[in-house]
1. Residue 70 fails exactly one of the following numbered conditions: (1) in a strand (DSSP E or B); (2) farther than 15 Å from residue 180 by Cβ. What is the number of that condition?
2. With the structure loaded, tell me whether residue 165 is part of a loop (DSSP other than H, G, I, E, B), open to solvent by 40 Å² or more (accessible area, probe 1.4 Å) and hydroxyl-bearing (Ser, Thr, Tyr) or whether it fails that test.
3. If you take the residues in the range 179-211 that are in a strand (DSSP E or B), open to solvent by 40 Å² or more (accessible area, probe 1.4 Å) and at pLDDT 95 or above, which one is farthest from residue 130 (Cα to Cα)?
4. Take residue 67 and decide whether it is under 25 Å from residue 137 (Cβ atoms) and open to solvent by 10 Å² or more (accessible area, probe 1.4 Å).
5. Take residue 51 and tell me if it is in a loop (DSSP other than H, G, I, E, B) and under 21 Å from residue 196 (Cα atoms).
6. Name every residue in the range 22-47 that is open to solvent by 60 Å² or more (accessible area, probe 1.4 Å) and either under 28 Å from residue 110 (Cα atoms) or assigned to a loop (DSSP other than H, G, I, E, B) (or both), in order of residue number.
7. Looking at the range 126-137 only, could you name the residues that are in contact with a Ser or Thr (Cβ under 8 Å, 6 or more places away or on another chain) and either surrounded by fewer than 21 Cβ atoms within 10 Å (Cβ to Cβ) or not hydrophobic (A, V, I, L, M, F, W, C) (or both)?
8. Do we find a residue being in a loop (DSSP other than H, G, I, E, B), more than 23 Å from residue 27 (Cβ to Cβ) and touching a residue at least 24 places away in the same chain (Cβ under 8 Å) anywhere in the range 128-137?
Amino acid sequence: MQAAKILPNQPKNAFIVDNFEDKNVTNFPRWWGFDNISMAIRKNDAKEFKYLEKYSLHLEGQPQNWYVGGAGTYFAIDIKDYNALKLVIKGYGPKSGVLIVELFDDDNNNFEVEANPSISSETLADDKFIRTIKVDWAGWKVLILPLNEFVDGNIGIGDDKWNPSQNGSSGGLLQMQFVLLAADKSIMPQVSIDSIKFYHQGPMPMKKKSYDSGGAFF
């Protein structure tokens, strides 16, 4: 069983995955990169967006057949009381890239996500739920992603049910990953991510919510 070193001083009504204020991707929590992804902590310009904290995670890399790679972190928590994921994303123009958010819940009750020995990009026994974001804007946006809009990304593996609870020996929601794809093979994809958290949104809106860099709500 793994021990998750999560961000300290968690609020009572949410789970903060990371806000990157410690300027560290190796602990509290630890982020790993894979394939051609380049990870870096960057200092934010507070003048760009009023919702920013001081630092963010920047992802970029050269694609191979559209695919770059990604970054992930392990936390193993029970999120049955949360129904939304909130994160702040900076785009660098209309072809910044495509970001896939992946969430892994524990279906074989061992607190681990094992790679499939036959297909390394798939899990052996745990569900992977995904949400795809086309990053086609310049500047920062706050995105609220209802968890019921994530779809099963590995049908036939795990129990194909969204059940990220720590019942019995289940680890609940084990980890998340960001996978970066190119929107145009001639342009290197890049995004920055700040303030990632799970929380309870209340009644889910009919239309997805986001804020643009000018603070406009739409």
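The values are calculated or read from the model by the stated rules, or taken from the named source; none is laboratory data. Owing to the predicted nature of the structure, the values given are computational and were not obtained by experimental measurement. For neighbour counting, all protein chains shown are included, and Cβ atoms are generated from backbone atoms with ideal geometry for every residue, glycine included. What goes into the accessible areas is simple: the full protein's heavy atoms, side chains included, and nothing from ligands, DNA or RNA. Shrake-Rupley method; radii C 1.70, N 1.55, O 1.52, S 1.80 Å.
1. (2)
2. In short, no.
3. 190
4. So residue 67 passes the test.
5. Yes: the conditions hold for residue 51.
6. Matches in the range 22-47: 22, 23, 26, 28, 30, 35, 36, 45.
7. Taking the range 126-137 as the starting set, the residues that turn out to be in contact with a Ser or Thr (Cβ under 8 Å, 6 or more places away or on another chain) are 135-137.
Within the range 126-137, 136, 137 meet the criteria.
8. Yes, that holds for at least one residue.
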